[in-house]
Structures are given as C-alpha cells and as structure tokens.
Amino acid sequence: MPDPGAPPVALYIHIPFCVSLCPYCDFVVYPGAAARGPAARIDVFLAALRVELDLRVDALEAAFPAGWPPLETVYLGGGTPSLLPVGAIADILERVRARFGIADGAEITLEANPGPDERGDPVALRAAGVTRLSIGAQAMSDLDLWRLGRRHKTADIGAAVAAAREAGIASISLDLLYDAPDLMLADWIDTLEAALDLEPDHLSLYALTLDDPDAEGLTGPAGDHLPTKPGARRWRESARRAQDEDRAAAQYHHAVHRLADDGWRGYEISNWARPGHESRHNLAYWERRPYEALGPGAHAFDGVTRRWSAARLNGYLSALTPADGSAARLPPGGAEEIGAEMASAEAVILGLRTDRGVPLSAAHERPFSDVFGWALAGELLDVTDDDRVVLTTRGRLLSNEVFSRLY
C-alpha cells in the first residue's frame, strides 16, 4: 500500500476568478465574464468545490480512520476570493469546519483586492470567520498601479485597510512589488513609507518575476498553469527591458534596513511581520508540514507526495459535476513522490528561506557541505550564536543561485 503520509495541518482553497487579469500574473485566473455578469461561472465552480471538499475528506477518512487534529490554518487565495458573496465564503468555512475541523484560534486568511467593488464587506467577512486579510496593493502610487495594469487607485488601498481595521479584522497584510518597470529607488522608498503609514501588521514584498510557463511546459492539459495571453506576453517583454537587477537589489536592501529599524521581523525572504503576525499558513509550507488544497491549480503535500490539480476550469468542473450524471471523480492533475534525497534538499532550502535557517549540522552533511562552504566564503550565509545557518541579506538576494546548487 502507498504511504498515506500525514493528515493536513493547513488547507488552501483556490478561488480562480478576477474582474481583470494583470499582465504579470501567472496564477490560475479566469477574468472578466467568467467572474461577473450573466455568464459568470462562480456558482458552478462553488458547486464543484463542495464536491471536491467531500471527496478529499472521504480519502482522508479512508487513510486515517482514527481521525486527525483540526486544521490550524485555512487560506482562501486566488484570484480574488473577496469577489465571492460573503454567504458563499461563510458556507465554505462551515463545510471545512464540519468535515476537516478547524481548531480554536485558527488563522483564517482571505485575499482581497482593494478596489471598492472587489474588497468585499469586512464586517461580514469577520462574522464569517476570517481573521486575516491579505490585500493586494502591489504599488502605492496611481502611476505605478497603472503601469502594472491594476484597476484600483492608491486611495482605495487606504480605504480597504481602514475598513478592515474598523471591522476588527485581527491581522492585515499588504502585498507590494519591487523591481517593477521603471520603479526608481526613490519611488520605492516612497512606496514603502506610504505602506507603513497605513500601519499594516504584515508586509509581503515580492520582486516582479516575469516567467514563461508555456516554455516551462506547465500549461498542458494536466499542467498547473494557464497559457499566457498574447497581450500579457507583449507586456512582459517590454517590462523586462525596464527592470534592473542592481536597482532591485538596492530596493530590497532599503526594505531590509528600514523595516528592521521599525521593529519588523523579516521572518522569510519576502515577508515581514509585526511580532505575532507572521503568516502561520505560509510557515506551514516553509516548515514542510502537510497541507491539503482545493481548486484548479492548487497544490497539496502530505509529507511524502506532492499533488496538484490541473489549471483548466472545464476539466475541473467536468470531473466533479459531470453533465451526464455519472459519479463525481477527483479533478485531473498530477502527483510526485518526494524521495529521501529531494526531501533533504527541500528541508534545507525551505529552512534557509526563513530567518531561523537550518542547524549548523546540516552544513556538514553530504551533499550539502560543499555548497555551504562556497556560500559561507561568498558571505551568502552566516552562522548565528545558537549555531544556526542563515542567509545574509546578500544571500537572500542571490538565494536562487544558492538553492539551485543544493538540488
């Protein structure tokens, strides 16, 4: 019998709808008419999602007949989950509670866009059980938002944060992009100050990455990405010419020092938090703890096998809500068993992403010792007083080079 792994401590639910598609976005998103209006597909998706939830729990019950501890975190990502009617969000969470179980004090995150027609009702979201709101600000000036193809304005970000605060949402996070096209260092300094003025609890600062999922073979029928639209491809080609590695490094350096001076903890390469506001859900990923996932393009991990659902919505719906009345089946996708060697490499790589790093003993283990020696000599790694190996700021900037050598 295959190893069933371990039951999940976290659950990710992918909601694949947006009002419009940002040209840099590689997430599984169905925009426009699929999200709003008479041809919207949200209701049929929600029906399929309910079926998938039941099938996943049925499989868990078969693997763990004695049961499992309730979930520590639930994360509704996308897409734009805040587009859903709040009644649908409440229904999803109630179903999760009834079938998976949700622990007392669990972290329940919902991603939201800040536009007034997209952010949802934070009072109702809190009543539904949401404890953490992750707001996709991305930039803090109208010009920079326009350059990124975003729909909202700067004022909408402040209004969204204020409304969430007034509603009593316990933790508020902002996403921002650096190394955006033509974003000068002075612009980034202003961006960060404007974000701090809103007094969020958490900041996710991501370098704008312009990958090509088609070239990487990720967009086939069982792939976890959708093909890139021609307009988005043209935008990315232009945006790459307006990026600069040295400027990006300066922007990251500034954020590291500015946030440290203000008491923020840079607990992961791209994430900073006020004390107690670290993303518990994302920490489960970086600590290689088991997690379940629902929705097209979503990834799950049980400690032994990594699984994903295909990105294509039609295939997802056809499997879970077949039009011919046949029995529902799990959606198409793929799986990969993680062998011992890869598991060791993942543990080191994911550990180094965080400010806790990895034990010094890992630096003496084969096949990692040569890489650790090279990285220490290049001042990409440091050893803490309690014998932990961590990335330096320079190491974080060059982390992809370090990680590629560890695999």
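The values are calculated or read from the model by the stated rules, or taken from the named source; none is laboratory data. Treat the numbers as computed from the prediction; the structure is a model and nothing was measured. In this analysis, Cβ positions are derived from the backbone assuming ideal geometry, glycine residues included, and neighbour counts consider all displayed protein chains.
Looking at V19, is it in contact with an Asp or Glu (Cβ under 7 Å, 6 or more places away or on another chain), over 25 Å from N282 (Cβ atoms), surrounded by fewer than 18 Cβ atoms within 10 Å (Cβ to Cβ) and in contact (Cβ under 8 Å) with a residue 12 or more places away in the chain?
Against the criterion (in contact with an Asp or Glu (Cβ under 7 Å, 6 or more places away or on another chain), over 25 Å from N282 (Cβ atoms), surrounded by fewer than 18 Cβ atoms within 10 Å (Cβ to Cβ) and in contact (Cβ under 8 Å) with a residue 12 or more places away in the chain), V19 qualifies.
Kindly establish whether D104 is surrounded by fewer than 20 Cβ atoms within 10 Å (Cβ to Cβ), in contact (Cβ under 8 Å) with a residue 60 or more places away in the chain and not in a helix (DSSP H, G or I).
Spelling it out, it is not the case that D104 is surrounded by fewer than 20 Cβ atoms within 10 Å (Cβ to Cβ), in contact (Cβ under 8 Å) with a residue 60 or more places away in the chain and not in a helix (DSSP H, G or I).
When W188 is evaluated against the numbered criteria (1) more than 30 Å from G101 (Cβ to Cβ); (2) under 20 Å from the mean Cα position of the chain (by Cα), which criterion, by number, is the only one it fails?
W188 satisfies every listed condition except (2).
Looking only at region 228-245, which residues are part of a helix (DSSP H, G or I) and either farther than 15 Å from L208 by Cβ or basic (K, R) (or both)?
Answer for region 228-245, where residues must be part of a helix (DSSP H, G or I) and either farther than 15 Å from L208 by Cβ or basic (K, R) (or both): P230, G231, R233, R234, R236, R240, R241.
Please determine whether any residue of region 252-263 is on the phi > 0 side of the Ramachandran plot and touching a Lys or Arg at 6+ places or on another chain (Cβ under 8 Å).
yes
Looking at E346, E336 in this structure, which one is of a type outside the set (S, T, N, Q) and loosely packed, with under 14 Cβ neighbours inside 10 Å?
That would be E336, the only listed residue that is of a type outside the set (S, T, N, Q) and loosely packed, with under 14 Cβ neighbours inside 10 Å.
Among the residues of region 77-99, what is the count of those that are surrounded by fewer than 20 Cβ atoms within 10 Å (Cβ to Cβ) and not aliphatic (A, V, I, L, M)?
Going through region 77-99 one residue at a time, the tally reaches 7.
Are any residues in region 169-181 within 14 Å of A248 (Cα to Cα) and in contact with a helix residue (DSSP H, G or I) (Cβ under 7 Å, 6 or more places away or on another chain), and if so, which ones?
Listed by number, the residues that qualify are L176, Y178, D179, A180, P181.
Applying the selection to region 308-341, what residues are assigned to a helix (DSSP H, G or I) and modelled with pLDDT under 95?
Residues satisfying the conditions are A340, E341.
Could you give me the residue pairs with C-beta distances under 7 Å whose first residue belongs to region 270-290 and is at negative phi and in contact (Cβ under 8 Å) with a residue 40 or more places away in the chain, whose second residue is assigned to a strand (DSSP E or B) and surrounded by fewer than 18 Cβ atoms within 10 Å (Cβ to Cβ) wherever it lies, and which are 6+ apart or on separate chains?
Close Cβ pairs (under 7 Å, with a partner that is assigned to a strand (DSSP E or B) and surrounded by fewer than 18 Cβ atoms within 10 Å (Cβ to Cβ)) amount to S270/Y206; W272/R265; A273/R265.
Is it true that E111 is more than 18 Å from E199 (Cβ to Cβ) and in contact with a Gly (Cβ under 6 Å, 6 or more places away or on another chain)?
For E111, the condition - more than 18 Å from E199 (Cβ to Cβ) and in contact with a Gly (Cβ under 6 Å, 6 or more places away or on another chain) - is met.
What number of residues in region 253-307 are assigned to a strand (DSSP E or B) and of a type outside the set (K, R)?
14
Give me the pairs, please: first residue somewhere in region 154-172 and at pLDDT 95 or above and surrounded by 15 or more Cβ atoms within 10 Å (Cβ to Cβ), second residue anywhere and among the β-branched types (V, I, T) and part of a helix (DSSP H, G or I), beta-carbon distance under 8 Å, and either six or more positions apart or on two chains.
Every condition considered, the pairs that remain are A167/V123; I172/V161.
Which condition does Y291 not pass, out of (1) surrounded by 18 or more Cβ atoms within 10 Å (Cβ to Cβ); (2) assigned by TED's automatic domain parsing to the domain that holds D224, if it passes all the others?
Every listed condition holds for Y291 apart from (2).
Restricting to region 227-242, name every residue that is touching an Asp or Glu at 6+ places or on another chain (Cβ under 7 Å) and surrounded by fewer than 18 Cβ atoms within 10 Å (Cβ to Cβ).
If the condition is that a residue be touching an Asp or Glu at 6+ places or on another chain (Cβ under 7 Å) and surrounded by fewer than 18 Cβ atoms within 10 Å (Cβ to Cβ), then P227, A242 are the ones that fit.
Which of the residues spanning region 330-360 are touching a helix residue (DSSP H, G or I) at 6+ places or on another chain (Cβ under 7 Å) and in contact (Cβ under 8 Å) with a residue 60 or more places away in the chain?
L330, P331, P332, A345, L350, R353, T354
Tell me yes or no: at least one residue of region 15-38 is part of a loop (DSSP other than H, G, I, E, B), closer than 21 Å to A310 by Cβ and of a type in the set (V, I, T).
yes
Consider A137 carefully, then state whether it is more than 24 Å from E72 (Cβ to Cβ) and small (G, A, S).
So A137 passes the test.
Please work out which residue is surrounded by the fewest Cβ atoms within 10 Å (Cβ to Cβ), limiting yourself to region 176-226 and to residues that are in a strand (DSSP E or B) and among the hydrophobic types (A, V, I, L, M, F, W, C).
Among residues in region 176-226 that are in a strand (DSSP E or B) and among the hydrophobic types (A, V, I, L, M, F, W, C), the one surrounded by the fewest Cβ atoms within 10 Å (Cβ to Cβ) is A207.
Being assigned to a helix (DSSP H, G or I), more than 21 Å from S279 (Cβ to Cβ) and more than 28 Å from the chain's Cα centre (by Cα): is that true of D370 here?
It is true that D370 is assigned to a helix (DSSP H, G or I), more than 21 Å from S279 (Cβ to Cβ) and more than 28 Å from the chain's Cα centre (by Cα).
State whether one or more residues within region 33-48 are within 30 Å of A186 (Cα to Cα), modelled with pLDDT of 95 or more and buried (at least 17 other Cβ atoms within 10 Å of the Cβ).
no
Only one of these is assigned by TED's automatic domain parsing to the domain that holds I172, over 24 Å from G136 (Cβ atoms) and within 23 Å of the chain's Cα centre (by Cα): P70, P38. Name it.
Result: P70 is the single residue among P70, P38 that is assigned by TED's automatic domain parsing to the domain that holds I172, over 24 Å from G136 (Cβ atoms) and within 23 Å of the chain's Cα centre (by Cα).
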